[in-house]
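**Q** My structure is below; once you've seen it, I'll send some questions.
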Amino acid sequence: MVENIAKILAAVGRVIIGKDESITRLMIGILCNGHLLIEDVPGVGKTTLVKAFAKTLGCTFTRIQFTPDLMPADIIGISVYDRAGEKFVFKPGPIMSQIVLADEINRTSPKNQASLLEAMEERQVTVDGIAYALPVPFLVIATQNPIEYEGTFPLPEAQLDRFMMRISLGYPEHEEEVKIIQLTSPGSILQELEPVITSSELLGMQLQAASVFMSPPLESYIASLSRSTRSHPDVLLGVSPRGGQYLYRGAKAAAFIRGRDFVLPDDIKFLTVPVFSHRLILKPEARLKSRTAKNVLDEILLNTRVPVVYHGKN
C-alpha cells in the first residue's frame, strides 16, 4: 500500500512542481476521507492539483465551477416530472461523484455554499424530502481565492469547520519556476496520468491508515493543543472538538504514509497548522497587530509540552 502512495505522490509531483509538502498533506486528507480546502491566489495550480489526484486515484470525478449565478439545484440535482411514468424522477447533479472539485467556492453566494453542508457532513443530499446517499468514498476538494480578492464571499464558520484542512501552495522557488516555464504543454502531462489504484483499493488504504496506533499521551497532546487555542489571549473562537478529531485521524494517516504503524509527535506537529488555522477566529486587536492564526499556533506548539514516546509507546 505504501508503494502505491509513493507512486501517486510521484505522479502528482510531475504536474505540480516543488510542492511536495502540500501534495503530501492533500494525500493525508484523502486517506482520512476528509474534505479539503485549497486557498491561494489565482494561477498557482490549485485546480490542476486536484485534477491530478483525481486521475491517479481511480475514482469518479466532477468539477463544479462556482459562479454568482449558480443555483443549489445545479449542484445537488432536481426532481422533474416524468409524464410517461406519471411521477417525479430525481435527476442527480454533479455532487453525485466520488471526488468533487468545488472550484472557486467563495465566488458564489452563501446560499449555494450552504447547499454543500449536508453532503459534506452526512454524505447524502435531500431533495423534496427524499434522502439520496452519495458514492463511497465521497470527498469535496474546494479551491478558493483569498477573501480580500474582488467578488468573493467568505465561507461561514460552520462550513469552514467541515473542511479537514486548509492548504496553501504559494509561489514556486526560482529554480522550480524555471522548470514550470519550460513546460511547453503542462496540460499534456496531466492527460498522460493513469490511475494508480482503484476506488476500492483507496477504501482499503483508508481503513489501514485508521488502524495506526496512537498512544494515550499523544491523544492527550492533541487535546492540549486544542484547548490551548480556546484560552489564548489573541483568540476569539478556538478550535472545535471536530478539529481535534481531524488532527487525530490526520496524524495516523501521516504515520501510515511514512511507513509506520504508530504515531510520533512530529506527525501531529506536521498537521497542526493546516488542520487548526482555518478554525481560529482572532480578536480584532490581534488582527490590527498583524497577528495570524499561524503565529498563534506556532506559539502554542512551542509552549505545549511534547510527550516522549518510544516506538509508539510512552
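All of the numbers you see were taken from the coordinates with simple rules; none came from a lab. The structure displayed is predicted, hence computed values, not measured ones. Note that we place each Cβ from the backbone using ideal geometry, even for glycine, and neighbour counts take in every protein chain shown.
**Q** Looking at the chain only, what percent of DSSP beta bridges run antiparallel? Nearest 5 please.
**A** Close to 45 percent.
**Q** For V127, which sequence-distant residues (separation of 5 or more, or a different chain) have an amide H within less than 5 Å of its own amide H, given hydrogens modelled in the peptide plane?
**A** Excluding prolines and chain starts, which carry no amide H, the hits are Y132.
**Q** Give the separation of the Cα centroids, the stretch 191-269 to the stretch 1-50, in Å.
**A** 16
**Q** Sum -39500 (n - 2.57) across every DSSP H segment of at least 4 residues in the chain, then divide by the residue count to get the 222 nm mean residue ellipticity, nearest 500.
**A** About -13500 deg cm²/dmol.
**Q** Going by how many other beta carbons lie within 10 Å of each one, how would you line up C32, C59, fewest first?
**A** In increasing order of surrounding Cβ atoms, one gets C59, C32.
**Q** Among the trypsin sites (Lys or Arg not before Pro) in the stretch 25-110, which ones are in a DSSP loop with at most 15 other Cβ atoms within 10 Å of the Cβ? Mind listing them?
**A** Listed in order of number, the matching sites are R83.
**Q** Hydropathy at least 0.0 by Kyte-Doolittle, axial extent at least 20 angstrom from the Cα trace: which helices of the chain, defined as entire DSSP H runs, fit?
**A** 2-15
**Q** On to the next question. Setting aside same-chain residues fewer than 8 positions from K289, which aspartates and glutamates have a Cα under 19 Å from its Cα?
**A** List returned: E148, D234, D298, E299.
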